[in-house]
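The values are calculated or read from the model by the stated rules, or taken from the named source; none is laboratory data. Everything quoted here is computed from the prediction, not taken from an experiment. Note that we place each Cβ from the backbone using ideal geometry, even for glycine, and neighbour counts take in every protein chain shown. Only protein heavy atoms, including side chains, enter the accessible area calculation; ligands, DNA and RNA are left aside. Shrake-Rupley method; radii C 1.70, N 1.55, O 1.52, S 1.80 Å.
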Amino acid sequence: MTVHHAAGVGYQRAAGVYERSRPSYPMAALAELADALPLEAGRTVVDLGAGTGKFTRLLALTGAEVIAVEPVTEMRERLAELLPGVRVTAGTAEATGLPDGCADAVVAAQSWHWFQEDEALAEVERLLRPGGSLALVWNTYDTSVPWVRDYQDIVFRLAPRDLPSPLDDGWRKAFTDRAGWSRVHERHWPNLHSTTVSDVVERMTSSSHIAVMDPAEQERVRAEVEAVLAGHDATRGNAAVEMPYTTDVYWVRRR
């Protein structure tokens, strides 16, 4: 299986921190998708790039059968440990190893930007039954908050040029250029994550391109993040902090 180096190595090293430091998703977003796709008992949804199962566990609440596909062994093992009732399989978005027409819906939460888009879309089309849907979900930083903007600036400044970004909107073009898909539907929700300053620092180190750094480089990044947090009234001297995200949800239907 071919996986971007930053994801393959970074998430291998940071699976535990990833699970601990990252936010979940609003129940309103799950409810919207459950109605739109729809997701319910008797239907099957494939979760591509499922990671440690942050969104997988919400999909399971709908009553649908969930198949979680994750290429990174450490992430997959963590997911299986946390969600023993969910089928977890090794595979990539481009080559899941699942049978034709096995899914009523496919979801990619916090993962679509990592995929080879044409190959992943072809695989989704192979998996979906007639009338099936694809949903893409991301938690993105709410940079209207000054300390979050400074925090994200560190993420972007340290990212290698070839690192895929969830903020790249280019994925939309695939659905306008490719026959057989409906228009893109979308909704957005505020997602306030109650966390600690310590976990905000760990959130940075769980970023794939930071996790692949050597220990000395990671310590320099930690110091920079701590300086940002010490420089804002909202985070200075606080053990607990509210980290604001926006949850972005998009879905398309196969005609």
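Could you check segment 134-173 and list, in sequence order, the residues that are open to solvent by less than 70 Å² (accessible area, probe 1.4 Å) and modelled with pLDDT under 90?
As a first pass, look at segment 134-173 and keep what is open to solvent by less than 70 Å² (accessible area, probe 1.4 Å): 134-143, 145-148, 150-152, 154-155, 158-160, 163-166, 170-172.
Across segment 134-173, the qualifying residues are Val155, Leu158, Ala159, Pro160, Leu163, Pro164, Ser165, Pro166, Gly170, Trp171, Arg172.
Confirm whether Thr52 is closer than 24 Å to Asn191 by Cα, open to solvent by less than 30 Å² (accessible area, probe 1.4 Å), of a type outside the set (Lys, Arg) and outside any helix (DSSP H, G or I). Outline the logic, then answer.
Details: closer than 24 Å to Asn191 by Cα: yes; open to solvent by less than 30 Å² (accessible area, probe 1.4 Å): yes; of a type outside the set (Lys, Arg): yes; outside any helix (DSSP H, G or I): yes.
So Thr52 passes the test.
Could you list, in sequence order, the residues of segment 225-250 that are surrounded by fewer than 18 Cβ atoms within 10 Å (Cβ to Cβ), in contact with a Leu (Cβ under 9 Å, 6 or more places away or on another chain) and of a type in the set (D, E, K, R)?
Within segment 225-250, Arg236, Glu242 meet the criteria.
Somewhere in segment 213-222, is a residue over 30 Å from Gly101 (Cα atoms), among the charged types (D, E, K, R) and surrounded by 14 or more Cβ atoms within 10 Å (Cβ to Cβ)? Break it down into steps so the answer makes sense when it comes.
Filtering segment 213-222 down to residues over 30 Å from Gly101 (Cα atoms) leaves 213-222.
Still in the list and also among the charged types (D, E, K, R): 214, 217, 219-220, 222.
Restricting the remaining residues to those that are surrounded by 14 or more Cβ atoms within 10 Å (Cβ to Cβ) gives 222.
So far as segment 213-222 goes, yes, one or more of its residues are over 30 Å from Gly101 (Cα atoms), among the charged types (D, E, K, R) and surrounded by 14 or more Cβ atoms within 10 Å (Cβ to Cβ).
Pull up segment 174-207, narrow it to residues that are of a type in the set (Val, Ile, Thr) and touching a Phe, Trp or Tyr at 6+ places or on another chain (Cβ under 8 Å), then point me to the one that is nearest to Val249 (Cα to Cα). Quick ask: steps written out before the conclusion?
Quick first cut of segment 174-207, residues of a type in the set (Val, Ile, Thr) only: 176, 184, 195-197, 200-201, 205.
If we keep only those that are touching a Phe, Trp or Tyr at 6+ places or on another chain (Cβ under 8 Å) as well, we get 184, 200.
Details: Val184: 10, Val200: 24 Å.
Of everything passing the filter in segment 174-207, Val184 is nearest to Val249 (Cα to Cα).
Among the residues of segment 16-49, write down those that are surrounded by 23 or more Cβ atoms within 10 Å (Cβ to Cβ) and out of contact with any strand residue (DSSP E or B) (no Cβ under 7 Å at 6 or more places or on another chain).
Result: Tyr18, single match.
Among the residues of segment 99-133, write down those that are among the hydrophobic types (A, V, I, L, M, F, W, C), part of a helix (DSSP H, G or I) and surrounded by 15 or more Cβ atoms within 10 Å (Cβ to Cβ).
Scanning segment 99-133 gives Trp112, Trp114, Ala120, Leu121, Val124, Leu127.
Got at least one residue in segment 136-143 being of a type in the set (S, T, N, Q) and without any contact (Cβ under 8 Å) to a residue 60 or more places away in the chain? Write out each step before concluding.
Applying the first criterion (of a type in the set (S, T, N, Q)) to segment 136-143 yields 139-140, 143.
Right, trim to without any contact (Cβ under 8 Å) to a residue 60 or more places away in the chain and you get 143.
The answer is yes; a qualifying residue exists.
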